[in-house]
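K.L.:
Here's a structure for you.
The values are calculated or read from the model by the stated rules, or taken from the named source; none is laboratory data. None of the values given here were measured: they were computed from a predicted structure. No Cβ is skipped: glycine too gets one built from the backbone with ideal geometry, and neighbour counts run over all protein chains shown. Accessible surface areas use protein heavy atoms only, side chains included; no ligands, DNA or RNA. Shrake-Rupley method; radii C 1.70, N 1.55, O 1.52, S 1.80 Å.
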Amino acid sequence: MFKGLLLSCALLLNGCAIAPIAVVQGKLSPPPEQAYAIVSLTLNSFDQDGASAWLRLQGPKGNIDLNASIQTDTIAAPDKNAIGKLHVLALTPGEYTAEQAVGDWSYTAAGWPQQRHDSLPLGKSFSVKAGDVVYLGEVHLALSFQSSLKLSDQHVRDFYALGQQYGIQDLSNIKTQLLGTLAQ
């Protein structure tokens, strides 16, 4: 009962903190004096029941933590859906750093449940100006006894998911600025 109440409160607070995504004539349209950043956070793990991933961004207004759950989050794709979450963030213009990705997953050893917490440093920077809409790519965590992190360009899948999730049909204002590369 208590866990359900806490979960409900967390979801309510999370819903209050997230502004709706502005779409004008089928195109992402950031609010005045803001920018949008698009990033997908995906994962795979031995733990198919409860593994989760976080991505921490640090910017002008402090930390922004993004999450994805192996159990509940899916990114729509034309061929095969991905496990993870597509994030569209309204950001204040400025410099940002993707500091680290973190994965939590469970396993059983000698009959006892064990919890792993793997922190993988990134240190990748990007910047946004007012009115920008930038695609940062995918951050993928492979959670195992040798956890790893991979950055990649998954714009075909992610732009498809934008269309499915938000009705985005016009992608002409989205600039690709993959994490760790210079602005174009």
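K.L.:
Can you send over the solvent-accessible area of Y36, 1.4 Å probe, protein chains only, in Å² to the nearest 10?
P.N.:
The accessible area of Y36 comes to roughly 0 Å².
K.L.:
If you don't mind, there's one more thing I want to ask. Select from L151, G94, N63 the residue farthest towards the positive end of the dipole of the stretch 63-184; place +1 on Cβ of Lys and Arg, -1 on Cβ of Asp and Glu, and compute about the Cα centre.
P.N.:
L151
K.L.:
Whenever you get a sec, line up S106, S144 from highest to lowest accessible area (probe 1.4 Å, protein heavy atoms). Please report the intermediate quantities before stating the final value.
P.N.:
Values: S106 50, S144 30 Å².
Descending accessible area places them as S106, S144.
K.L.:
Working with all protein chains in place, sort I75, I21 by solvent-accessible area computed with a 1.4 Å probe, largest first. Don't skip to the end; give the middle numbers.
P.N.:
Values: I75 5, I21 40 Å².
The most accessible residue leads, giving I21, I75.
K.L.:
Quick one: order F159, F126, F145 from most to least accessible surface, probe 1.4 Å. The partial results should precede the final answer.
P.N.:
On the way: F159 35, F126 5, F145 110 Å².
Solvent-accessible surface, decreasing: F145, F159, F126.
K.L.:
Which percent of the accessible area of the chain is formed by carbon and sulfur heavy atoms (probe 1.4 angstrom)? Intermediate results must be reported in sequence, preceding the final value.
P.N.:
On the way: 5600 of 10370 Å².
Carbon and sulfur atoms account for 54 percent of the accessible area of the chain.
K.L.:
Roughly how many whole Å is it from the C-alpha centroid of the stretch 57-71 to that of the stretch 21-48?
P.N.:
Using only Cα atoms to place each centre, the spacing works out to 12 Å.
K.L.:
Hey, another quick one. Along the charge dipole of the chain, which of L141, A77, T176 sits closest to the positive end, that is, farthest toward it, with unit charges on the beta carbon of Lys, Arg, Asp and Glu (+1, +1, -1, -1)?
P.N.:
Farthest towards the positive pole: T176.
K.L.:
Summing +1 for each Lys or Arg and -1 for each Asp or Glu, what net charge is found among the other residues whose Cβ lies under 11 Å from the Cβ of Q165? Each step should come with its number before you reach the end.
P.N.:
Working: positive: K85; negative: D158.
Here the count lands on 0.
K.L.:
For a quick check of understanding: with a 1.4 angstrom probe and all protein chains in place, what accessible area in square angstrom does E95 have, to the nearest ten?
P.N.:
130 Å²
K.L.:
Under the rule of -39500 (n - 2.57) per DSSP H run of 4 or more residues, summed and divided by the residues of the chain, what mean residue ellipticity at 222 nm is obtained, to the nearest 500 deg cm²/dmol?
P.N.:
Values: 2 runs with 28 residues, N = 184.
My calculation for the chain gives -5000 deg cm²/dmol from helical runs alone.
K.L.:
Can you give the charge dipole size of the stretch 120-171 about its Cα centre, rounded to the nearest 20 debye, using +1 on the beta carbon of Lys and Arg and -1 on the beta carbon of Asp and Glu? If you can, show how the numbers build up before the last one.
P.N.:
Numbers: 4 positive and 5 negative charges, 37 e Å.
Computed about the Cα centre, the dipole is about 180 debye.
K.L.:
As a test question: what accessible area, to the nearest 10 Å², does H87 have when a 1.4 Å probe is rolled over all protein chains in place?
P.N.:
Counting only protein heavy atoms, H87 exposes about 20 Å² to solvent.
K.L.:
Under a Cβ-only charge scheme (Lys and Arg +1, Asp and Glu -1), can you give me the dipole magnitude of the chain about the Cα centre, in debye to the nearest 20?
P.N.:
Details: 12 positive and 15 negative charges, 21 e Å.
Dipole about the Cα centre, nearest 20: 100 debye.
K.L.:
Mind checking the per residue accessible area of the chain for me, 1.4 Å probe, whole number of Å²?
P.N.:
Accessible surface, normalised per residue, equals 56 Å².
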